[in-house]
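Read the structure below first, then the notes.
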Amino acid sequence: MPRRWIPVALVLVAAAADGVGMHGAAFYALLAAVPAAAVAALEAFGDSLEDAGARPHALLWAVVRVLTVTGAAVRAPRLAEGSVPALGRSAVVACLAIFCIQALAGLVNELRRRPY
(Lines give C-alpha, C1' and ligand atoms only; values in the text may rest on other atoms or scores of the structure.)
Protein backbone atom coordinates (compact mmCIF):
# COMPACT_ATOMS: atom_id res chain seq x y z
CA MET A 1 0.00 0.00 0.00
CA PRO A 2 2.75 2.60 0.67
CA ARG A 3 3.92 2.31 -2.94
CA ARG A 4 0.58 3.67 -4.09
CA TRP A 5 1.48 7.11 -2.77
CA ILE A 6 4.38 7.41 -5.21
CA PRO A 7 2.30 7.94 -8.37
CA VAL A 8 -0.03 10.25 -6.44
CA ALA A 9 2.92 12.38 -5.33
CA LEU A 10 4.43 12.42 -8.82
CA VAL A 11 1.17 13.51 -10.45
CA LEU A 12 0.79 16.21 -7.80
CA VAL A 13 4.32 17.40 -8.57
CA ALA A 14 3.47 17.44 -12.28
CA ALA A 15 0.33 19.48 -11.63
CA ALA A 16 2.20 21.93 -9.42
CA ALA A 17 5.03 22.27 -11.95
CA ASP A 18 2.50 22.96 -14.71
CA GLY A 19 0.88 25.54 -12.49
CA VAL A 20 4.08 27.55 -12.14
CA GLY A 21 5.08 27.13 -15.78
CA MET A 22 7.81 24.51 -15.35
CA HIS A 23 6.47 22.25 -18.08
CA GLY A 24 9.72 20.32 -18.50
CA ALA A 25 9.74 19.33 -14.84
CA ALA A 26 6.06 18.42 -15.12
CA PHE A 27 6.84 16.15 -18.07
CA TYR A 28 9.59 14.32 -16.22
CA ALA A 29 7.45 13.95 -13.09
CA LEU A 30 4.64 12.52 -15.21
CA LEU A 31 7.10 10.27 -17.03
CA ALA A 32 8.32 8.94 -13.67
CA ALA A 33 4.70 8.38 -12.65
CA VAL A 34 4.18 5.91 -15.52
CA PRO A 35 6.06 2.93 -14.01
CA ALA A 36 4.90 3.90 -10.51
CA ALA A 37 1.28 3.82 -11.68
CA ALA A 38 1.89 0.48 -13.39
CA VAL A 39 3.21 -1.01 -10.15
CA ALA A 40 0.25 0.42 -8.23
CA ALA A 41 -2.17 -1.00 -10.81
CA LEU A 42 -0.59 -4.44 -10.60
CA GLU A 43 -0.65 -4.33 -6.81
CA ALA A 44 -4.31 -3.30 -6.85
CA PHE A 45 -5.07 -6.09 -9.32
CA GLY A 46 -3.46 -8.59 -6.94
CA ASP A 47 -5.58 -7.22 -4.10
CA SER A 48 -8.70 -7.57 -6.25
CA LEU A 49 -7.98 -11.26 -6.73
CA GLU A 50 -8.10 -11.73 -2.96
CA ASP A 51 -10.97 -9.33 -2.25
CA ALA A 52 -13.76 -8.69 -4.76
CA GLY A 53 -14.43 -5.32 -3.11
CA ALA A 54 -11.06 -4.06 -4.32
CA ARG A 55 -11.96 -4.38 -8.00
CA PRO A 56 -13.05 -0.76 -8.45
CA HIS A 57 -9.70 0.42 -7.08
CA ALA A 58 -7.86 -1.85 -9.50
CA LEU A 59 -9.87 -0.47 -12.39
CA LEU A 60 -9.20 3.11 -11.31
CA TRP A 61 -5.46 2.42 -11.05
CA ALA A 62 -5.53 0.97 -14.56
CA VAL A 63 -7.17 4.17 -15.79
CA VAL A 64 -4.52 6.25 -13.97
CA ARG A 65 -1.83 4.21 -15.71
CA VAL A 66 -3.37 4.90 -19.11
CA LEU A 67 -3.75 8.59 -18.30
CA THR A 68 -0.13 8.98 -17.18
CA VAL A 69 1.11 7.28 -20.34
CA THR A 70 -1.13 9.47 -22.48
CA GLY A 71 -0.20 12.64 -20.63
CA ALA A 72 3.53 11.97 -20.96
CA ALA A 73 3.23 10.91 -24.59
CA VAL A 74 1.42 14.02 -25.77
CA ARG A 75 3.82 16.30 -23.88
CA ALA A 76 7.01 14.78 -25.28
CA PRO A 77 6.92 16.35 -28.77
CA ARG A 78 6.29 19.83 -27.33
CA LEU A 79 8.91 19.64 -24.61
CA ALA A 80 11.36 21.89 -26.49
CA GLU A 81 8.64 24.48 -27.12
CA GLY A 82 7.72 24.73 -23.47
CA SER A 83 4.03 24.33 -24.14
CA VAL A 84 1.52 21.74 -22.98
CA PRO A 85 -1.24 20.32 -25.18
CA ALA A 86 -4.75 20.40 -23.76
CA LEU A 87 -4.84 16.60 -23.62
CA GLY A 88 -1.70 16.64 -21.44
CA ARG A 89 -3.31 18.93 -18.90
CA SER A 90 -6.58 17.06 -19.05
CA ALA A 91 -4.80 13.78 -18.29
CA VAL A 92 -3.22 15.25 -15.16
CA VAL A 93 -6.53 16.73 -13.99
CA ALA A 94 -8.28 13.42 -14.61
CA CYS A 95 -5.63 11.60 -12.56
CA LEU A 96 -6.17 14.05 -9.71
CA ALA A 97 -9.92 13.51 -9.92
CA ILE A 98 -9.45 9.74 -9.79
CA PHE A 99 -7.20 10.08 -6.74
CA CYS A 100 -9.95 12.08 -5.01
CA ILE A 101 -12.51 9.42 -5.89
CA GLN A 102 -10.22 6.72 -4.51
CA ALA A 103 -9.67 8.68 -1.31
CA LEU A 104 -13.40 9.16 -0.79
CA ALA A 105 -14.10 5.49 -1.50
CA GLY A 106 -11.42 4.48 1.01
CA LEU A 107 -12.88 6.80 3.61
CA VAL A 108 -16.37 5.37 3.09
CA ASN A 109 -15.01 1.81 3.43
CA GLU A 110 -13.21 2.70 6.65
CA LEU A 111 -16.30 4.33 8.11
CA ARG A 112 -18.37 1.24 7.27
CA ARG A 113 -15.91 -1.08 9.00
CA ARG A 114 -15.70 0.98 12.14
CA PRO A 115 -17.97 -0.22 14.95
CA TYR A 116 -19.97 2.50 16.67
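The values are calculated or read from the model by the stated rules, or taken from the named source; none is laboratory data. Since this is a predicted model, take the numbers as computed values, not measurements. Glycine also receives a Cβ, built like all others from the backbone with ideal geometry; neighbour counts cover every protein chain displayed.
Looking only at residues that are over 11 Å from the mean Cα position of the chain (by Cα) and β-branched (Val, Ile, Thr) in segment 14-53, which one is nearest to ALA86 (Cα to Cα)?
Ranking the qualifying residues of segment 14-53, first place goes to VAL20.
Quick one: would you say GLY82 is modelled with pLDDT under 90, touching a helix residue (DSSP H, G or I) at 6+ places or on another chain (Cβ under 8 Å), not polar (S, T, N, Q) and not in a helix (DSSP H, G or I)?
In short, yes.
To keep it simple, each residue is scored yes or no on (1) free of Cβ contacts under 8 Å to residues at least 12 places away in the same chain; (2) of a type outside the set (Val, Ile, Thr).
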site: TRP61; (1), (2): no, yes
site: VAL74; (1), (2): no, no
site: SER83; (1), (2): no, yes
site: GLY88; (1), (2): no, yes
site: VAL92; (1), (2): no, no
site: ALA103; (1), (2): yes, yes
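Just wondering, is there one or more residues in segment 28-50 that are modelled with pLDDT of 90 or more, aromatic (Phe, Trp, Tyr) and either touching a His at 6+ places or on another chain (Cβ under 8 Å) or crowded, with 19+ Cβ neighbours inside 10 Å (or both)?
no
Scan (1) aliphatic (A, V, I, L, M); (2) under 15 Å from ALA73 (Cβ atoms); (3) in contact with a Pro (Cβ under 8 Å, 6 or more places away or on another chain) for the single condition ALA40 breaks and write down its number.
In the conditions (1) aliphatic (A, V, I, L, M); (2) under 15 Å from ALA73 (Cβ atoms); (3) in contact with a Pro (Cβ under 8 Å, 6 or more places away or on another chain), ALA40 misses (2) alone.
What is the residue count in segment 28-56 for residues that are farther than 10 Å from THR68 by Cα, in a helix (DSSP H, G or I) and not small (Gly, Ala, Ser)?
Within segment 28-56, residues that are farther than 10 Å from THR68 by Cα, in a helix (DSSP H, G or I) and not small (Gly, Ala, Ser) number 10.
Would you confirm whether any residue within segment 43-61 is farther than 22 Å from ARG113 by Cβ and of a type in the set (Gly, Ala, Ser)?
Looking through segment 43-61, none of the residues is farther than 22 Å from ARG113 by Cβ and of a type in the set (Gly, Ala, Ser).
The rows are residues; the columns are (1) without any contact (Cβ under 8 Å) to a residue 40 or more places away in the chain; (2) part of a helix (DSSP H, G or I); (3) touching a strand residue (DSSP E or B) at 6+ places or on another chain (Cβ under 9 Å); (4) surrounded by fewer than 15 Cβ atoms within 10 Å (Cβ to Cβ).
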{"position": "VAL11", "(1), (2), (3), (4)": "no, yes, no, no"}
{"position": "GLY24", "(1), (2), (3), (4)": "no, yes, no, yes"}
{"position": "ALA58", "(1), (2), (3), (4)": "yes, yes, no, no"}
{"position": "GLY71", "(1), (2), (3), (4)": "no, yes, no, no"}
